[in-house]
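Since the structure comes first, as C-alpha cells, the remarks are kept for the end.
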Amino acid sequence: MMERWDLFFEVHNGETREGPGSLETTRKAFSYIKGISSDSVILDIGCGPGWQTLELARLCPARVTAIDLHQPFLDLLRRNIEVRSYADRFTIRNMSMGEMDFPAESFDLIWSEGAIYNIGFDRGVREFRRFLKPGGYLAVSEASWLKPGAPKEIRDFWNAEYPGIDTIGHCLEKLDAAGYGPVAHFALPDADWFAYYDPMKGRIDDMLRRHHDDPDAREYYAMERHEYKLFEKYREWYGYVFYIAKKK
Ligand SMILES: C[S@@+](CC[C@H](N)C(=O)[O-])C[C@H]1O[C@@H](n2cnc3c(N)ncnc32)[C@H](O)[C@@H]1O
C-alpha cells in the first residue's frame with residue numbers, strides 16, 4: 001500500500017505549477033515593484049518547483065534565494081537554473097518559512113505564491129517583514145473570499161481545509177497592522193486555476209490507474225476530484241489574490 005504522502009507527491013510532481021498561478025500573473029505582480037537592480041536580493045518563500053522563481057530571474061538581474069521544505073522540488077529547480085545558466089545568481093535552501101535564519105533586513109523583495117497558508121497569512125506577513133530592507137516589497141498570493149455571502153457548502157469546505165481564509169479587506173488590514181503600506185492587489189484569473197487543475201486531472205487519473213486496488217488511492221482521488229468540483233461550482237466566491245505591499 002502506498003503512503004498517503006507518496007500518493008500526494010505522485011500527483012504533485014512539480015512538472016507544472018503547484019498552486020494557482022501563471023507566468024502572466026507573476027509578471028503582472030512584478031510590474032508593481034520598482035527599483036530592483038543587479039544589487040537587489042529577492043527571497044521566494046515556498047518556491048515549490050520554482051516556475052515563478054525562474055520567471056523572476058528572467059524579469060530582473062537580481063540575485064534570488066529560494067526556499068522550500070520538499071527537496072525533490074528544490075532539486076528540480078536546481079536543474080532548471082543550471083540549464084538556463086542562472087546558477088550564479090541563485091541560492092537554494094531547504095528551510096521552513098517558519099524558521100528562517102537569514103539576517104534581518106536581507107531582502108529587497110519577498111515573494112511567495114500560494115504558500116504562505118502553510119503558516120497562515122497573519123503570522124506570515126508579520127514574520128516575513130523582519131527580513132525586508134526598509135522600503136522593501138512583499139508580494140504574496142493567498143486564498144481569499146472575493147465577496148460576502150458564500151454558500152454554506154463552500155464555507156464548510158474552507159473551514160475544514162484552511163480556516164485562515166479571509167476577505168480581501170481583512171487581508172489588507174492585516175498587512176497595514178503588520179507594518180506595510182498598500183501597493184496593489186488583484187485576483188488571479190480563472191485561467192490560473194485551470195493551469196493548476198487541468199494537468200493535475202490527468203495525473204490523478206494516472207495515479208488511480210496505477211493503484212486502483214488501494215483504498216487510500218481511491219479516497220485520495222475522490223478528495224482531489226471533490227476539491228476541483230467545488231471550484232467549478234463556487235469559483236465566483238473565492239480565489240487567489242495577489243497582495244503587493246511595501247515595508248513602512
Ligand atoms: C501550493 S505549493 C506552491 C509552490 C509554488 N510557489 C507555486 O506556486 O507553484 C506550496 C509550497 O509550500 C511548500 N511548503 C510547505 N510548508 C512549508 C514551510 N513551512 N516552509 C517552506 N515551504 C513550505 C511546499 O513544499 C510547496 O512547495
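The values are calculated or read from the model by the stated rules, or taken from the named source; none is laboratory data. These numbers come from a predicted model, not from an experiment. Reconstructed Cβ throughout: ideal geometry from the backbone, glycine too, with neighbour counts over all protein chains shown.
Summary table
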| item | result |
| --- | --- |
| Verdict on I110 being buried (at least 20 other Cβ atoms within 10 Å of the Cβ), under 28 Å from Y32 (Cα atoms) and more than 9 Å from the ligand (Cβ to nearest atom) | yes |
| Out of I45, I33, I67, sole residue that is more than 13 Å from the ligand (Cβ to nearest atom), β-branched (V, I, T) and either surrounded by 19 or more Cβ atoms within 10 Å (Cβ to Cβ) or modelled with pLDDT under 95 (or both) | I33 |
| Residues of the stretch 81-95 classified as surrounded by fewer than 17 Cβ atoms within 10 Å (Cβ to Cβ) and within 16 Å of the ligand (Cβ to nearest atom), total | 3 |
| Flag if C60 is in contact with a strand residue (DSSP E or B) (Cβ under 6 Å, 6 or more places away or on another chain) and either modelled with pLDDT under 95 or not aliphatic (A, V, I, L, M) (or both) | no |
| Selected residue (only one of A104, A115, A57 is within 30 Å of R235 (Cβ to Cβ) and either touching a Phe, Trp or Tyr at 6+ places or on another chain (Cβ under 8 Å) or crowded, with 18+ Cβ neighbours inside 10 Å (or both)) | A115 |
| Unique residue being in contact with a strand residue (DSSP E or B) (Cβ under 8 Å, 6 or more places away or on another chain), among the charged types (D, E, K, R) and not in a loop (DSSP other than H, G, I, E, B) when the list is K246, K233, K229 | K246 |
| Which numbered condition I204 fails, given (1) in contact (Cβ under 8 Å) with a residue 60 or more places away in the chain; (2) within 23 Å of E18 (Cα to Cα); (3) part of a strand (DSSP E or B) | (3) |
| Residue match in the stretch 68-84 (condition: touching an Asp or Glu at 6+ places or on another chain (Cβ under 8 Å), of a type in the set (V, I, T) and touching a residue at least 12 places away in the same chain (Cβ under 8 Å)) | no |
| Helices (runs of 4 or more DSSP H) contained in the stretch 121-201 and holding at least 3 residues closer than 17 Å to A29 by Cβ | 121-129, 168-178 |
| Residue match in the stretch 96-104 (condition: in contact with an Asp or Glu (Cβ under 9 Å, 6 or more places away or on another chain), free of Cβ contacts under 8 Å to residues at least 40 places away in the same chain and more than 10 Å from the ligand (Cβ to nearest atom)) | no |
